[in-house]
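Have a look at the structure below, then the notes.
The values are calculated or read from the model by the stated rules, or taken from the named source; none is laboratory data. Bear in mind that the values here come from a model prediction, so they are computed numbers and not experimental data. We place every Cβ from the backbone using ideal geometry, glycine too, and count neighbours over all the protein chains shown. Accessible surface is based on the protein model in full, side chains and every heavy atom, while ligands, DNA and RNA are left aside. Shrake-Rupley method; radii C 1.70, N 1.55, O 1.52, S 1.80 Å.
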Amino acid sequence: MTKTLDLITIGRSSVDLYGAQVGGRLEDMGSFDKYIGGSPTNIACGTARLGLRSAVITGVGDEHMGRFIREQLQKEGVETTGVKTDPDRLTALVLLGIRDQEQFPLIFYRENCADMGLTVDDIDPEFIRRARAVVATGTHLSHHRVEAATLKALQIARDAGMTTALDIDYRPNLWGVAGHGDGESRFVESAAVTAKLQSTLHFFDLIVGTEEEFHIAGGSTDTIAALRAVRAVTGATLVCKRGAAGAVAFEGDIPDSLDDGQTGPGFPIEVFNVLGAGDGFMSGLLKGWLDGEDWPTALKYANACGAFAVSRHGCTPAYPSWDELQFFFKRGIKRPDLRNDAELEQVHWATNRKGDWSTLRTFAFDHRSQLEEMSGYTPEKGAAFKELCLDAALKVANGRGGYGILCDNRIGRSALHRASGTGLWIGRPTELPGSRPIEFEPDLGDDLGGLREWARENVVKLLVFCHPDDDDKTAKMQVARVKRLFAAARRNGLEFLLEVIPSKVGAVDDMTTATLIQTFYDAGVYPDWWKLEPFKTDAAWTNAVNVITRNDPRTRGIVVLGLDAPEDELAASFALAAKQPLVKGFAVGRTIFGDAARGWMQGQMSDTEAVTQMAERYTRLCRIWDDARRGAQEDAA
């Protein structure tokens, strides 16, 4: 059978609510960041980020949190065929906090949760056999129902000649040998747990755990004795994690000292958060193991992935991409607190962004002053018209990818909020229209704290009227404000689009915009997107593209703006821009909505007529762009 998957994990999934405040008690946490969690779910995501084709078998509730897990898995590239939606059970929740370097309190809300509702009937043999390996975790051996489902998956894998792995993943309170308030506990002796684990260890080719986890699996608090007890019932390779001392692998007999096992290089970094570190370690280990690397190399991957995990907030969000891991190996450790390494964090951010925006055709109706100046305008009419703009955008997109909007929160709030979840790319402006130097929309607040309220799919858009010949005071003020907004966007997990328009300020040549772009990179601003004027020459485009790729080869790309140009002028500018692969599309507004807005505001056009006209113009621009891109590709070939 053709193997379309590298591995399938099976077991728990949850929504992790991580306390945003560090250094306080969980009792005192005032806000939480939401991530997906659960060891098998984390491992599926961690291995997918490293380039493996991963899937997970788990259960989620038929509610918002269940849909969140499913959608996040899909964004991470994890196949969700094996994710069961349980109509009778709720998705598991976990509350977690970072108290200090030693204390990481957590509470599991898993009473009869959805992933504990998995049964043998949920295990599809054909789905299992699509993979090269099955990876189980210990928690799903703790209850007879999910144990039966797990063992069925493992038996199918063994019968099919597949490889299997176990992350012991011992949580005493999930086995019923510690209380609800002891979620942080990693070891409580239990002969019953030891017996249950030992009855299953023969199913595995690889078994991974901390020293304490091997203590429970082997029934002894002497690590060597415990490992030998495990070896007595399984021929699996045993990988023992030793915290700061790294990890060791044993393929055969257990020696007298842990130091005699196979090892990989470690990475001395600051420990910030141990929660989820083992799942990061397992992800790196599985990458090396399934790629056929030797154990020192696989352990190198594992140790590095674990290092990333303990240095960042959250579990899955902390794990590296394959490109990030290679960058880390090549460059080395610049500072031990990896989360504060700006260069590394930029690679982490850029290589783990979600969504395919290789083409971006954007209907821009974030205009405020232009509408407010129209005859017949009222705030109510403005809001209603922007709803019509959204209707036109959705009509053209028709559920397909590669389409977007720019919409504001002042006049267009209802349209902006309705756009969420539609699949459109959504950019949202932050600048006061026409301001120079930059001033921000009041709803952002003096500290830009308003970004905390933004939907995570909104892209922070900032327009700057600037020029290389600006006086020193103006230039420094504008760069400082751009950097401040960029930092706030990153802090809130929002992508950032920077639009620069020098032609409204002074004369331009083929180097004007390229010079401005370099100025912002020199200040430490790395936009996910650039929005640039339609240049008149190939040289101007080449100069701008070169400076972007030299500073940030992982940028999302460029969109070209319209400046209220007629369609024939836009067609010419698109043809020039489309020669550059880094230009992903356009963001055009008044060319699409200008006539409809003026007519509709004065009662000369109905809702339907306005939507129809805007949809037709937007469609024509999309076709013009697609034709320009196709022609450029043909010429290049």
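Using a simple charge model, +1 on the beta-carbon of Lys and Arg, -1 on the beta-carbon of Asp and Glu, nothing else, what dipole does segment 323-446 show about its Cα centre, in debye to the nearest 20? Spell out each step's value before the answer.
Values: 18 positive and 19 negative charges, 97 e Å.
Approximately 460 debye in magnitude.
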Q: Per residue of segment 578-594, in order, report the coupling 6.51 cos²θ - 1.76 cosθ + 1.60 (Karplus, θ = phi - 60°) as ³J(HN,Hα) in whole Hz, putting x for Gly and Pro.
A: 5, 5, 9, x, 6, 7, 8, x, 9, 9, 10, x, 4, 4, 8, 9, x
Q. Expressed as an acute angle from 0 to 90° and rounded to the nearest 10, what is the orientation of the C-alpha long axis of helix 538-551 relative to the principal long axis of the chain?
A. 30
Q) Could you give the nm distance between label points at T542 and T297, where each point is 7 Å from its Cα heading toward the beta carbon? A) 4.1
Q) So how do 527-540, 478-491 stack up, highest first, on mean other-Cβ count within 10 Å? A) 527-540, 478-491
Q: Identify all lysines with a Cα-Cα distance to K241 below 18 Å; exclude those on the same chain that are fewer than 8 residues away in sequence.
A: K287, K300
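Counting Lys and Arg as +1 and Asp and Glu as -1, each charge on the Cβ, what is the dipole of the chain about the Cα centre in debye, to the nearest 20? Let's see the in-between values first.
Working: 72 positive and 89 negative charges, 121 e Å.
Using only the charged Cβ atoms, the result is roughly 580 debye.
About its Cα centre, how strong a charge dipole does segment 293-359 have in debye, to the nearest 20, once Lys and Arg get +1 and Asp and Glu get -1 at the Cβ? Intermediate values should be presented prior to the final figure.
Details: 9 positive and 9 negative charges, 37 e Å.
Computed about the Cα centre, the dipole is about 180 debye.
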Q. If you line up the long axis of helix 567-577 against the longest principal axis of the chain, both from Cα atoms, how many degrees apart are they, to the nearest 10?
A. 50
Q. Simple spin-label model, 7 Å along Cα-to-Cβ: D446 to T378 in nm?
A. 3.5
Q: With 27 Å as the limit, write out which pairs from K330/K354; K330/K579; K3/K84; K334/K473 have Cα-Cα distances beyond it, or answer none.
A: K330/K579; K334/K473
Q.
Could you give each residue of segment 74-79 its phi-based ³J(HN,Hα) in whole Hz, using Karplus coefficients 6.51, -1.76, 1.60 with θ = phi - 60°, and x for Gly or Pro?
A. 5, 5, 7, x, 8, 5
Q.
If I take R0 = 45 Å and measure r between the Cβ atoms of A148 and R554 in this structure, what FRET efficiency does the formula 1/(1 + (r/R0)^6) give, to the nearest 0.05?
A. 0.50
Q. Given the chain, what percent of its DSSP beta bridges are antiparallel, to the nearest 5?
A. 20
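Calculate for the chain the 222 nm mean residue ellipticity that helices alone would give, adding -39,500 (n - 2.57) per DSSP H run of length 4 or more and normalising by residue count, nearest 500 deg cm²/dmol.
-12000 deg cm²/dmol
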Q: Among I224, P255, G235, pick out the residue whose Cα is farthest towards the positive end of the charge dipole of segment 216-273, where Lys and Arg carry +1 and Asp and Glu carry -1 on C-beta, about the Cα centre.
A: G235
Q | Three-way shape call for segment 137-236 based on the alpha-carbon gyration tensor, with the a/c threshold at 1.5 | A | oblate
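Highest mean first, what order results for 249-255, 145-151, 512-518 on Cβ atoms within 10 Å? Spell out each step's value before the answer.
Details: 249-255: 15.4, 145-151: 19.7, 512-518: 22.0.
Ranking the peptides 249-255, 145-151, 512-518 by packing returns 512-518, 145-151, 249-255.
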Q.
Just want the answer: with Cβ charges of +1 for Lys and Arg and -1 for Asp and Glu, which residue in G434, T612, L206 is farthest toward the dipole's positive end in the chain?
A. T612
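If you roll a 1.4 angstrom probe over the protein chains with everything in place, what fraction of the accessible area of segment 311-434 belongs to carbon and sulfur, to the nearest %? Write out the running numbers ahead of the final one.
Working: 2390 of 4780 Å².
Accessible surface attributable to carbon and sulfur in segment 311-434 totals 50 percent.
Taking only protein heavy atoms and a 1.4 Å probe, what accessible area per residue, in Å², does the chain have with all protein chains in place? Write down the numbers at each step before the final one.
On the way: 25160 Å² over 637 residues.
Each residue of the chain exposes 40 Å² on average to a 1.4 Å probe.
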Q: Please list, in chain and number order, the residues 5+ apart from V583 or on another chain whose amide H is under 5 Å from its amide H, with Hs placed from the backbone.
A: I558
Q. How many nm separate the modelled label positions at A455 and D595, each set 7 Å beyond the Cα in the direction of the Cβ?
A. 3.0
Q. Taking a label point 7 Å from the Cα of S358 along the Cα→Cβ vector, which residues of segment 571-594 have an amide N closer than 11 Å to it?
A. none
Q | Cα lying deepest toward the dipole's positive end in segment 1-135, options S31, V120, V78, charges on Cβ | A | V78
Q) What's the angle, to the nearest 10 degrees (0 to 90), between helix 379-397's Cα axis and the longest principal axis of the chain? A) 60
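Roughly to the nearest percent, how much of the accessible area of segment 196-251 is carbon and sulfur, given a 1.4 Å probe? Intermediate values should be presented prior to the final figure.
Working: 860 of 1830 Å².
Taking all protein chains in place, segment 196-251 shows 47 percent carbon and sulfur surface.
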(Q) Quick check: at a probe of 1.4 Å, how many percent of the accessible area of segment 1-135 sits on carbon and sulfur atoms? (A) 47
